[in-house]
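Every number here is computed from the coordinates shown, using simple stated rules; none is lab data. Just so we're clear, the structure is a prediction, and the values are computed from it rather than from any experiment. For neighbour counting, all protein chains shown are included, and Cβ atoms are generated from backbone atoms with ideal geometry for every residue, glycine included.
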Amino acid sequence: MPSAFDFSASPFDCLSPEEQALVRASVDIAYYPEGAVVLEPGEAPQHLFIIIKGHVSQSEGDELLAHYGPNDSFDGRALVAGRASSRFVATEELVAYQLARAAVQELIARNASFGALLFADLGHKLGTLAQRAQEHEAQSLLMERVDQAYLQPAHSVPASTDIVSVARLFQQQRCTSVLVTGLAGGAPGIFTANSLQRAILDGRPLEQLAVGELASAPLISVRAADTIGDAMALLMRARVHRLAVQDEQGRIQGLLHALDLFGLVANRSHLITVQIEQARDLPALAQAARQITRLLATLQRGGTRIALMMQLVSQLNARLFERAWAMIAPPELLAHSCLFVMGSEGRGEQLLKTDQDNGLLLQDGYTPPADLAALCERFAQALESFGYPECAGAIMLKNPQWRGSQTQWAERLRGWLLQPEGESLMHLAIFLDAQAVAGNAQLLTELRQKITPLAQGNAALVARFALAIDAFGSPASWWGRLLGLQGDGAVNLKKAGIFPLVHGLRSLALAHGISATGSGERIQALVAAGQLDAAFGQELLQSLHFLLGLRLQAGLAQTERGREASGEVEPQRLSTLERDLLKDALAVVKRFKAWLHQRLHLDAA
């Protein structure tokens with residue numbers, strides 16, 4: 001009986017001590033030379049194999065389905081079904097644990113998570129993974145530093161300031177409290193909106209009443225390095241509504257309001273929304289934009305669903321762009337134009353910041369201001385300060401080719417649509433994801449209505465457009481990369497899976513006149529129209545969300561190490577469960593591409 005069985009690898013990491021004892025009592029070690037057949041199709045397996053050393057290939061006929069390496073297990077599905085459907089061959093000398101079938105069946109009966117992670121479909125695996133991660137979400141949030149929360153500015157006034165002047169400051173700065181300096185004892189106090197009520201009830205003329213007489217002291221404070229949990233406990237213990245946040249030198253950085261703190265716990269995006277809404281200039285918006293990446297890191301560590309993260313980030317980014325454009329563009333331009341974003345931002349699927357993809361649509365008959373080019377240049381500079389670098393292909397409204405009237409845009413799109421090759425193909429694909437973020441959104445809606453009929457019924461045009469799904473090769477080749485059998489082992493998630501899924505759905509939407517821009521919404525519309533099986537659509541969405549989540553995880557890790565987020569994952573940094581899920585997701589991508597080839601007749605294009 002082996003005593004060194006690795007219970008940190010999935011799916012064995014969810015077993016109880018008693019269940020681990022069952023594994024130890026039921027496992028042996030097997031050896032297979034290179035080229036040996038481990039399982040044949042139709043064979044009734046008696047064991048679950050867990051690889052210690054070596055690699056195994058899975059195939060059906062001449063088609064290679066997957067590779068398995070150290071800590072991977074196979075074939076759980078065959079154990080449950082009672083018969084293997086694939087051929088498993090040792091591609092190099094293989095040493096593996098053999099866990100008896102009876103023990104596997106007992107573990108499945110005892111532990112639902114083990115069963116789901118072992119042989120369930122992608123959706124069940126992802127659901128189990130999310131459930132396990134969410135158990136730590138609240139705890140991880142409460143351990144964040146206080147200065148990760150939104151701190152409102154701490155405005156100060158001398159103790160001799162009259163109440164009327166303080167009320168004017170409240171109105172001007174849109175605040176509800178000020179720090180009061182010069183009090184007896186030297187430490188500052190605080191005067192709030194509640195204190196203002198007491199001043200009014202005092203009866204003395206407000207312009208003659210000094211704020212120092214009604215200020216509360218001492219000031220309740222917390223250190224910036226303290227945890228959110230510490231701050232919450234102090235608020236409740238002191239029975240106050242705000243805390244002064246001090247740095248290591250004792251200087252006050254700002255005020256932490258109870259509503260903002262509890263808003264952080266209930267809805268982290270609320271704090272950034274407050275910052276965006278209260279921003280008075282572009283530098284203030286840039287400060288809010290920097291918080292979005294921190295928000296993503298917190299949500300990702302807490303196990304938040306990728307769909308929710310995309311929704312929150314999309315809403316924040318849209319409001320950020322809208323506020324920035326409103327600060328730059330004159331009201332007349334805003335009323336007669338539509339600012340739109342494209343690509344992953346337009347689909348609502350952007351997480352970490354990538355380059356700018358945006359354009360400007362002007363209403364026919366409207367004469368834009370003479371300095372339109374300068375306004376667009378200023379907007380690009382603002383986005384760069386927010387962390388969005390300029391697009392290398394100049395797909396930005398500062399480029400005259402990405403702004404124009406309704407008529408100009410209609411002609412431009414018609415040319416791209418009728419000649420979907422090279423640069424035109426790329427431009428069309430990017431535009432089809434366009435989403436309005438500021439100005440008159442109806443202009444973009446009307447433009448879509450003009451171009452949609454051009455593609456419907458034109459199978460050859462759609463096929464040429466959809467062929468881009470093959471631009472980066474077959475997912476089967478990525479399994480070799482995944483296990484380090486080819487090249488440097490790095491897997492580019494966008495090329496391997498995200499792009500084929502996104503562009504395939506985009507092509508189907510174009511073919512069937514669907515105006516939705518998000519991949520999830522496109523799947524819903526295709527299912528509702530009878531053009532896509534509901535179960536397959538769900539697999540596509542789950543696969544896309546998993547790949548996007550894995551890309552986010554890798555990007556955050558690269559950023560923390562001071563590297564640029566590349567969109568690639570390194571296999572050695574993945575858990576066995578993540579590698580298993582990645583294989584499942586790539587298998588779905590492969591099936592989707594084959595289905596598209598048949599459905600859209602791509603081989604004849």
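Suppose a student asked you for the relative contact order of region 146-266, using Cα pairs under 8 Å spaced at least 6 residues apart; what percent would you report? Walk me through the intermediate numbers first.
On the way: 194 pairs, mean separation 36.9, N = 121.
Computed value for region 146-266: 30 percent relative contact order.
Tell me the angle of helix 406-418 to the major Cα principal axis of the chain, expressed in degrees between 0 and 90 and rounded to the nearest ten.
Taking Cα atoms only, the helix is inclined about 10 degrees.
Can you give me the Cα centroid spacing of region 143-208 and region 551-605 in angstrom?
When both Cα centres are located, 54 Å separates them.
Modelled label-to-label distance, Thr367 and Ser8, 7 Å Cα→beta-carbon offset: nm?
About 7.2 nm, to one decimal.
Please turn the phi angles of region 256-261 into ³J(HN,Hα) values with the Karplus equation 6.51 cos²θ - 1.76 cosθ + 1.60 (θ = phi - 60°), one per residue in order, whole Hz, x for glycine and proline.
Going residue by residue, I get 9, 8, 4, 4, 5, 5 Hz, with x marking Gly and Pro.
How big is the Rg/Rh ratio for region 464-604, C-alpha atoms only, Rh by Kirkwood, two decimals?
Values: Rg = 15.5 Å, Rh = 15.7 Å.
Answer for region 464-604: 0.99.
When only C-alpha pairs under 8 Å and at least 6 residues apart count, what is the relative contact order of region 216-374, in percent?
Numbers: 137 pairs, mean separation 22.2, N = 159.
Answer for region 216-374 is 14 percent.
Helix 282-301 versus the longest principal axis of the chain: what angle, 0 to 90°, nearest 10, using Cα atoms?
Taking the Cα atoms of the chain, the angle to 282-301 is about 40 degrees.
Name the residues whose placed amide hydrogens come within less than 5 Å of the amide hydrogen of Ser85, ignoring near sequence neighbours (fewer than 5 apart) on the same chain.
Long-range HN contacts for Ser85: Gly42.
Normalising by the residue count of region 12-119, find the relative contact order in percent from Cα pairs under 8 Å and 6+ residues apart. Write down the numbers at each step before the final one.
On the way: 219 pairs, mean separation 40.8, N = 108.
With pairs under 8 Å counted, the relative contact order is 38 percent.
Would you mind checking which residues have amide H under 5 Å from Gln246's amide H? H placed 1.01 Å from N; only 5 or more apart, or other chain.
HN-HN under 5 Å from Gln246: Val222, Arg223, Ala224, Gln253.
Using only DSSP helix segments of four residues or longer, with each worth -39500 (n - 2.57), what per-residue ellipticity at 222 nm results for the chain after dividing by its residue count and rounding to 500?
-15000 deg cm²/dmol
Apply the Karplus curve 6.51 cos²θ - 1.76 cosθ + 1.60, θ = phi - 60°, to the phi angles in region 347-353 and return the couplings in whole Hz, x for Gly and Pro.
Per residue, the Karplus-derived 3J(HN,Hα) values read 6, x, 10, 8, 10, 6, 5 Hz.
Provide the packing ranking of 80-92, 510-522, i.e. peptides ordered by the mean count of other C-beta atoms within 10 Å per residue, highest first.
The most tightly packed comes first, giving 510-522, 80-92.
Step through the residues of region 557-567 one at a time and calculate ³J(HN,Hα) from phi using the Karplus curve (6.51 cos²θ - 1.76 cosθ + 1.60, θ = phi - 60°), rounding each to whole Hz and writing x for Gly and Pro.
Along region 557-567, the couplings run 5, 5, 5, 5, 8, x, 9, 6, 5, 9, x Hz.
Answer rounded, prolate or oblate for region 12-119, using the Cα gyration tensor with square roots of eigenvalues a ≥ b ≥ c: rounded when a/c is under 1.5, else prolate when a/b is larger than b/c, else oblate.
On the way: a/c = 2.02, a/b = 1.52, b/c = 1.33.
Prolate is the answer for region 12-119, as a/c is 1.5 or above and a/b outweighs b/c.
In the set [x] 42, 28, 25; [y] 50, 30, 21; [z] 51, 38, 17, which value of semi-axes √(5λ) of the Cα gyration tensor in Å was calculated from the structure you see?
For semi-axes √(5λ) of the Cα gyration tensor in Å, the calculated option is [z].
Can you list residues whose amide H is under 5 Å from Glu93's amide H, if they're 5+ apart or on another chain and H is modeled 1.01 Å from N?
Here Glu34 satisfy the definition.
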